[in-house]
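Notes follow once the structure below has been shown.
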Amino acid sequence: MKKYILLLTLLISTIFCFKPNLRALEDNGVPYKTYTIDSDNHIVPTQDAYIPVKSLRNFQKSDGTTVTINNPQDSHYDIEKNELYICNTGTGEILIVSENLKTARSIGKGLLKKPMGIFLTKDYDLYVCDYDLEKVFVFNQAGELIEEYGKPVHPLYGEESKFKPMKVVVDDRKTLYVIDGGNAYGIARITREKEFLGFFGANYIKASLEYVIRFMFSTAEQKKKLYRQPIAPYNLTIDENGLINTITQGTEMEGSALKKLNISGNNLYAHEMVDSNGFEDVYVGPIGNIYVVDKRGYIYEYDRDGNLLFIFGGQDSSGLIPGLFATPSTITCDDQYQLFVADTKDNTIQVFIPTDFSNLVHEAIYYYQEGKYHQSKEPWQKVLKMNQMFDLANTGLASAYLFEQDYTNALKYFKLSNNKPGYSDSYLEIRNVWMLKNFSIIACIAAVGIGLYFVLNKFHVLDGPKSSVGQAMKRMKTQPYVREFGYLFKFIRHPLNSLYDIKYNRKVSVFTGIIFYFLFLLVILFSQMSSGFYFSSGDIEKVSLFQIIGTYLLPMFLFIGCNYLVCTIKDGEAKLRDVFIGTICSFTPVILFSPILTIFSNVLTANESFIISFGNIIIWGWSFILLFFMIKDMQNYETLETIKIILLTIFTMVLTVAAFYLIYVLSMQLYGFIKDVILEVLARG
Amino acid sequence: MASSIKKFIFILGITVLLLGLGIYLEAYESDQEFEGDFGDLYASNELYSGNRFTQKELSDVVQSKIEITTRDSLISENARFGFYIDRTTGILKLKNKNTGYVYSSAVSDLKSTDANVLYSQLIASTISVEFNTFDTEKNRYVIESTSQINMNKVTKSGDEAVLKANTDQVELKYVTIENGISFQIKFLALKDIKIKEDPEAYISLEVQFILGSDGIEIFVPNESIQENKRLLKYLYIMPSFGYTREDVLNGYMFLPDGPGALIRYEQSSSPQQIYRKFYSSDLGLGPTLKDYDRVEEKALSAACFGKVNGVGQNGFISSIDQSGMNAELVVSPYGARNIRMNYLGVRYYFHSNFLMYGATSDYEKGRFKDDIRQNYLILSNEEANYVGMAKKYRDHLQKNELLPEEKKIDYKMHVEFINSENIKGLLSPKNKVLTNLEQSTEILKKINQEKFSIVLKGWNKGGLSGNTPYNISLNGKVGSKSDIRKFNEQFQDVYFYNDYVKAYSDGSANSLKDYAKSYQRIKMSITDDSMPLYQTFNYLYPKSSQKLADKNLKQYQKNAIGGLALDSIGYELHSYNQNSAEHNRENTKNYYADILKSFESFKRALYRPNDYLWKYTDVYYHMPMYSNQYSFYTDTVPFLSIVLKDSMEIYANYINFFSNMNEQLLRMIDFNLMPSFIFTEELTRQLKYTNSNHMFTTQFEHWEDTVNEINLRFKAFYEKTLGQELIARNILEMGIVENVYKNQLKVIINYLNEPYVYQGKTIEASDFIIVEGN
């Protein structure tokens, strides 16, 4: 007994021992932190959006008895009558809780055995899925049974398969969409006349490369085992427009746990959305916003288009901390954004109310998605005041400015929200306006520039034998490093001759070669840090020198090493020095032209983006062609032989990487082993 | 000619580029100003009946169920109390002569339905111990389980529960001392055959109960505690003092959770009892659960607790004056573990368990060295509520010189500046200035307020994050020494931020010598992978903290630094292992107190300081406004702020991050907290790739209007109430609070989102009024 007490004490103290927190800023009286996503889809902290205010456990019935929440599996809020419907699976009844959240009446007691899902139509027909009785029952407002749906009679429903209705929604035509626990084909569609229309909204399977390879090399027997069935949707809801949202548990594909299906069952949400494979229930809020509760106690709120607004909540098995859940099962919402989330372990329904912050976000989003950008401006500004890093607000505000033709501000906020298409649109407009306004000045500057050039040229100011500029340039050319640097330009014009010069005349020293590598690094850095916003990969702080070295220089050095080794065996004639210098010289087009593209990218918009992509294809393609010829000429190979050598080099590179990886893993294991032995000795000794 | 065309194209290209750059730069020139205020508060009034708020009191007259019987003999008495003992059971009784109410040190009128035998024996005994036995065969202590011996034994038959002294296992001697009685008690070897124990095993100790003018003082001299072949784990002294049964009585238990929390006497939703250590969790015993999605649990920052049995009638507040860091609050609301009682007490813990190297179970070899001193201060009549508790506790602290002397405190606004912060650079972090001293001055000038309490963060060369404890050298880009001097002269209360508890690799601490190890002999380090730059910090040995602080003392003075805002030291308290010797939290506390004592010549601002540092605190930042709101709590009350009001400046958390501005501002008025902000001159977005990336709204430009608006409201309130003691706090209706000050000033706060009429005056929704006179 004492042992149990100690264990229990330990358990309790564990529950109450949270880690020291590095971010103890908030004092909003909630036990969890609230997060949203930034424009890079990273989860970032935000103002608290909802506050847990109370837990519901018992309700008074009109006959004076008390009914307790027991294994609540589904819920619904009727905003017309302000009544909360709870599918009280444990007691086999549907509870209709009045506005005061204190009294309730019941439907289906005695008839229902294991009600799992409910749906209330606009004309107050209550559909109830009973898992054990294998039927969907329909009750009228008075609680009388008016209809029941059994297993559909259809060849797709085999004789042996069972009808295990779990969740149901009904559209305006009274067509039922039933999640059947007995099959994995999707959502069964059944008409009012009980005709089975087929399955809807099935999920897909994504085959990984590993799966495909394994499948290719499997015998017929093994293949049978490898066949996988798609996971069936787990829960569903229907919105004002009759579109169905489904959630799927255990899906391996990121971004496919929550779907909004169009009439043909295709997902309307972007694939990059942040989700969880533990989603339990989904509900549509007052402005089409979607609430989803996850089995680990997190509540996700998305806007109508699937943008994640908030994540909050969390898990707590003690049941003592309001706002956290042990095993949440269902979520619903009233027209004031008040949330009701049920927990099947604690048998409670927790009530959350929205904060000022989330009210503002809802107001702004409402106007924004209705296209009333102007009205959305003020709430977005208020949202931004409370959280200046809320990227959705930056996009919203930018859209409002764009709508008002305030392109400068639109540009600013699109940039803050990392919204490239929006940025490009605003920039295009600014550029147009600027060009129109300044066309005369541009023309004048261009004319003066051209005129000046011709005058200077005419009098040989720049290149005449006596011109000081010309003299200075000539003197510079005699400097050895400047001359060697000039080889870059020569390499572009006469690659084969230059290769010959490098190999036999040693026109480029190893030192200059190293400088070329540095130049290459600088050029890549420049392109990553100074490209125009539309063409950049994000904030400048994300650029990492080590990453650039790892992506560009290390493969180059690996290539040089491997190529040299392969060629030494394969009778190549080049020395390591030649390959080292030749390789970087092959990338001359990148060194010379990439900065120009980078500079140009600053004045181009999405419409002209092809210039940049096309330019990049040319300079990189050109470089690889030069690399090919470098190997061929330096090593003195035939074309076919060169191709073979390149393939061999790549193969050697892969093997080298694999070998290094292996050494790394083994040494880590050795380290772990030694560490464990020492710790063990210390602990026992 | 071809080359001419090339050159022409080149020049044209350059021209276009220059033009493009012009457009690009122009696009960034103008800026946007934000305006507007915050929306309405909650639509739901459900909120106010929850434990975020204080509930309306019900008053029934309470009759004492406990009586002085013929078995009780008088030990001592004074004008207020009579102190009795039943020598057969060792149960003490304290009669409040004022109200006639009798408190009992243990349940003297036990019923068989009250609890099971195990708990019945505990609550019916004045003293109990839990201990580990010594396994003579294995020659080691059995630390995996504990056994318990209570002073009394309970036998049940039907409805009857019979209480008898546990003479088999306890040798008890009463010694009369001045104004009290001393229990010299020896817990003997167990005769229970299930546990093989050395027959010579015992634990003995002396517990003195002394009647004072305010109630009872418990004193346990440390040297009296003897352990022979037993490890004392927990010592319970009067765990059920002031118990009440079920919900027959209106009243509550008080816990110093956050600002203060109440558990009213009603059937609890908690199925179990709660054990909570005072102060934060002890990382020295090993790492605790990590969940970065949670907000830190609010600590019990003062070692006290209390009960009210009948509001406005009877109650007590107990203050643990010595060894509070080794005490654990035992909360047992009615219904928990099927016990039909409400009781609240402490148990002292010894020889904590931990996992050596995170693998093998072990226990703390030494014992804490302080004596135990705990006071039960009795409250009667109008004192018997949480305001009375706070006042009594404050008086008690003042009497024992544990609080700074009361002084005139001006209304100030707490403004923190992030002067510079470290941002990810190409190769290594680079320092970025977000607000220099000149800009800070400009910002302060824009606020219509005369007095500030200013904290500079990132004033040092290393920048705000990743550098604690700082190398004391000024960041020239923020301001020079003369700028600092000028700033200090202009604004008086300027505090420089530093942290002597948490050390980062770029800070001044030595990672080999100064980084602390836990009892597990593992470095006490915390890693947060979500941080963009510095992800790991280590706790410092308190001795190292002291060494570094001492070293810095002169450097501060040299740099014209007159005030320090010290983070972590106020609320972190851990035991540690240094040079293979275990040092408990008491030791850490002494070092921290010494550090603050050595900074006596500076103004000291602490973040959420625990009670043992209040003496050294001039300014209290980040006063909590909410408790942990566990489901069995019923109310949140401003206990802490009533205790500390007028002894130090008290500020709330940053208003920047309030998500319900109106409600939270009203709560600040209600709790007497002054406003607090954190600002930068630069865009908040500049913090995105820094360790301060969770501060999502700091740019002053966006806050200027709101700050001035808030300041006006607060000024009006503080002009009238500063220096005035809060004498009563009444809940008029759900969500309507009436605070009564000594000068008969009343502040009525309407949390509701509808107007409220108070004595003919209308208080707008989410607003307050000040009513003067009677």
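The values are calculated or read from the model by the stated rules, or taken from the named source; none is laboratory data. These figures come from a predicted structure and were not determined experimentally. No Cβ is skipped: glycine too gets one built from the backbone with ideal geometry, and neighbour counts run over all protein chains shown. These area figures cover heavy atoms from the full protein model, side chains too; ligands, DNA and RNA do not enter into them. Shrake-Rupley method; radii C 1.70, N 1.55, O 1.52, S 1.80 Å.
Using DSSP to call loops (not H, G, I, E or B), can you name the trypsin sites (Lys or Arg not before Pro) in region A:221-280 whose Cβ has at most 12 other Cβ atoms within 10 angstrom? Could you put the intermediate results ahead of the total?
Numbers: sites: A:Lys223, A:Lys224, A:Lys225, A:Arg228, A:Lys259, A:Lys260; in loops: A:Arg228.
When the trypsin sites (Lys or Arg not before Pro) of region A:221-280 are filtered for loop state and at most 12 Cβ neighbours within 10 Å, A:Arg228 remain.
Under a 1.4 angstrom probe, counting protein chains only, how are B:Arg521, A:Arg192, B:Arg608 ranked by accessible area, largest first?
Numbers: B:Arg521 85, A:Arg192 125, B:Arg608 55 Å².
In descending accessible area the options line up as A:Arg192, B:Arg521, B:Arg608.
Starting from the residue with the highest accessible area, list B:His414, A:His374 in decreasing order, probe 1.4 Å. All intermediate terms of the calculation are to be shown ahead of the outcome.
Values: B:His414 0, A:His374 110 Å².
Sorted descending by solvent-accessible area, the residues read A:His374, B:His414.
Evaluate the charge dipole of the protein assembly as shown about its Cα centre and quote only its size in Debye, nearest 20, assuming +1 on the Cβ of each Lys and Arg and -1 on the Cβ of each Asp and Glu. Let's see the in-between values first.
Working: 152 positive and 166 negative charges, 1020 e Å.
Charge dipole, the protein assembly as shown, about its Cα centre: 4900 debye, nearest 20.
With a sphere of radius 13 Å drawn around the Cβ of B:Ala509, what net charge do the other residues whose Cβ falls strictly inside it have (Lys, Arg +1; Asp, Glu -1)? Intermediate values should be presented prior to the final figure.
Numbers: positive: B:Lys502, B:Lys513, B:Lys523, B:Lys543, B:Lys547, B:Lys551; negative: B:Asp499, B:Asp506, B:Asp514.
For residues surrounding B:Ala509, the net value is +3.
Given the pairs B:Lys432/B:Lys645; A:Lys415/B:Lys430; A:Lys223/A:Lys644; B:Lys298/B:Lys554, which are separated by over 27 angstrom at their Cα positions?
B:Lys432/B:Lys645; A:Lys223/A:Lys644; B:Lys298/B:Lys554
Given contacts defined as C-alpha pairs under 8 Å and at least six residues apart, what's the relative contact order of chain A, whole-number percent? Please list the in-between numbers first.
Details: 1152 pairs, mean separation 56.5, N = 685.
For chain A, the relative contact order is 8 percent.
Could you compute Rg(Cα) / (2.2 N^0.38 Å) for region B:53-95, with N its residue count?
1.65
Give me the mean projected area, in nm² to one decimal, of the convex hull enclosing the Cα positions of chain B.
Details: hull surface 165.6 nm².
Over every viewing direction, the Cα hull of chain B projects on average to 41.4 nm².
Rounded to the nearest 100 Å², what is the buried accessible area between B and A, both sides summed, probe 1.4 Å? Could you put the intermediate results ahead of the total?
Numbers: alone 33070 and 37830 Å², together 60750 Å².
For chain B against chain A, roughly 10200 Å² becomes buried.
Could you state the angle between the C-alpha long axis of helix B:481-491 and the longest principal axis of the C-alpha atoms of chain B, as a value from 0 to 90 degrees rounded to the nearest 10?
In chain B, helix B:481-491 runs at an angle near 60 degrees to the longest axis.
Would you list the P(r) distribution for region A:196-287, with all Cα-Cα distances sorted into 10 Å bins from 0 and each bin expressed as a whole %?
For region A:196-287, the pair-distance distribution reads 15, 40, 27, 14, 3, 0.
Name the aspartates and glutamates eligible as straight-distance cross-link partners of B:Lys551: C-alpha to C-alpha under 19 Å, and not fewer than 8 places from it in the same chain.
In chain and number order, the partners are B:Asp499, B:Asp506, B:Asp514, B:Asp567, B:Asp594, B:Glu600.
Can you check what the net charge comes to around B:Pro404, using other residues whose Cβ is under 9 Å from the Cβ of B:Pro404 (Lys, Arg +1; Asp, Glu -1)? Working shown, then result.
Numbers: positive: B:Lys407, B:Lys615; negative: B:Glu405, B:Glu406, B:Asp618.
Cβ neighbours under 9 Å give a net charge of -1.
Checking the table B:Lys715/B:Lys742; A:Lys54/A:Lys167; A:Lys109/A:Lys135; A:Lys385/A:Lys412; B:Lys111/B:Lys186; B:Lys517/B:Lys543 against a 21 Å threshold on Cα-Cα, which pairs fail? Let's see the in-between values first.
Numbers: B:Lys715/B:Lys742 19 Å; A:Lys54/A:Lys167 27 Å; A:Lys109/A:Lys135 15 Å; A:Lys385/A:Lys412 16 Å; B:Lys111/B:Lys186 28 Å; B:Lys517/B:Lys543 12 Å.
Violating the 21 Å limit, Cα to Cα: A:Lys54/A:Lys167; B:Lys111/B:Lys186.
In the neighborhood of B:Leu427, defined by Cβ-to-Cβ distances under 15 Å, what is the net charge if each Lys or Arg adds +1 and each Asp or Glu adds -1?
Values: positive: A:Lys542, B:Lys424, B:Lys430; negative: A:Glu541, B:Asp506.
Result for the local shell: +1.
In square angstrom, rounded to the nearest 10, how much accessible surface does B:Val501 have for a 1.4 Å probe?
Counting only protein heavy atoms, B:Val501 exposes about 0 Å² to solvent.
Report A:Val482's accessible area, 1.4 Å probe, all protein chains in place, as a number in Å² to the nearest 10.
Surface accessible to solvent at A:Val482 totals approximately 60 Å².
Between the helical axis of A:639-684 and the dominant principal axis of chain A, each derived from Cα atoms, what acute angle in degrees is found, rounded to the nearest 10?
Compared with the principal axis, the helix lies near 50 degrees.
If I ignore ligands, DNA and RNA and count only protein heavy atoms, how much of A:Met476 is accessible to a 1.4 Å probe, in Å² to the nearest 10?
So the heavy atoms of A:Met476 present about 110 Å² to solvent.
Is it possible to state the helix-based mean residue ellipticity at 222 nm for chain B, with each DSSP H run of 4+ residues giving -39500 (n - 2.57), the sum divided by total residues, to the nearest 500 deg cm²/dmol? What is it?
On the way: 10 runs with 137 residues, N = 774.
Dividing the helical sum by the residues of chain B leaves -5500 deg cm²/dmol.
May I ask you to rank A:Trp620, A:Trp434, B:Trp614 by accessible area, largest first, using a 1.4 Å probe over the protein chains only?
Details: A:Trp620 65, A:Trp434 40, B:Trp614 0 Å².
Descending accessible area places them as A:Trp620, A:Trp434, B:Trp614.
Among A:Gln350, A:Tyr227, A:Tyr302, pick out the residue whose Cα is farthest towards the positive end of the charge dipole of region A:214-366, where Lys and Arg carry +1 and Asp and Glu carry -1 on C-beta, about the Cα centre.
With unit charges placed on the Cβ atoms, the residue in question is A:Tyr227.
Using only helices, what value at 222 nm comes out for chain A when you add -39,500 (n - 2.57) per DSSP H run of length 4 or more and divide by the total residues, to the nearest 500 deg cm²/dmol?
Result for chain A, helices only: -14000 deg cm²/dmol.
When each pair of different Cα atoms in the protein assembly as shown is counted once in the 1/r mean, what is the Kirkwood radius in angstroms, to one decimal? Present the calculation step by step, with values, prior to reporting the outcome.
Details: mean 1/r = 0.0270 Å⁻¹.
With all distinct Cα pairs of the protein assembly as shown included, I get 37.1 Å.
Under 19 Å Cα-Cα from A:Lys437, which aspartates and glutamates qualify once same-chain neighbours fewer than 8 residues away are excluded?
Hits, sequence-local ones excluded: A:Asp406, A:Asp425, A:Glu429, B:Glu26, B:Glu29.
Which of the three applies to region A:412-569, rounded, prolate or oblate, going by the alpha-carbon gyration tensor with a ≥ b ≥ c and a/c under 1.5 meaning rounded? Display every interim value, and only then the final one.
Numbers: a/c = 3.14, a/b = 1.14, b/c = 2.76.
Cα axes put region A:412-569 in the oblate bin.
In region A:62-126, what percent of the accessible surface is made up of carbon and sulfur (1.4 Å probe, ligands and nucleic acids excluded)? Can you show the working numbers first?
On the way: 1290 of 2720 Å².
So the carbon and sulfur contribution to the accessible surface is 47 percent.
Averaged over peptide A:44-53, how many Cβ atoms belonging to another chain are found within 10 Å of each residue's Cβ?
On the way: counts 5, 8, 5, 7, 5, 1, 1, 9, 4, 11.
Average per residue, whole number: 6.
Would you work out the charge dipole size for region A:542-672 about its Cα centre, treating the Cβ of every Lys and Arg as +1 and the Cβ of every Asp and Glu as -1, and quote it to the nearest 20 debye?
For region A:542-672, the charge dipole is close to 280 debye.
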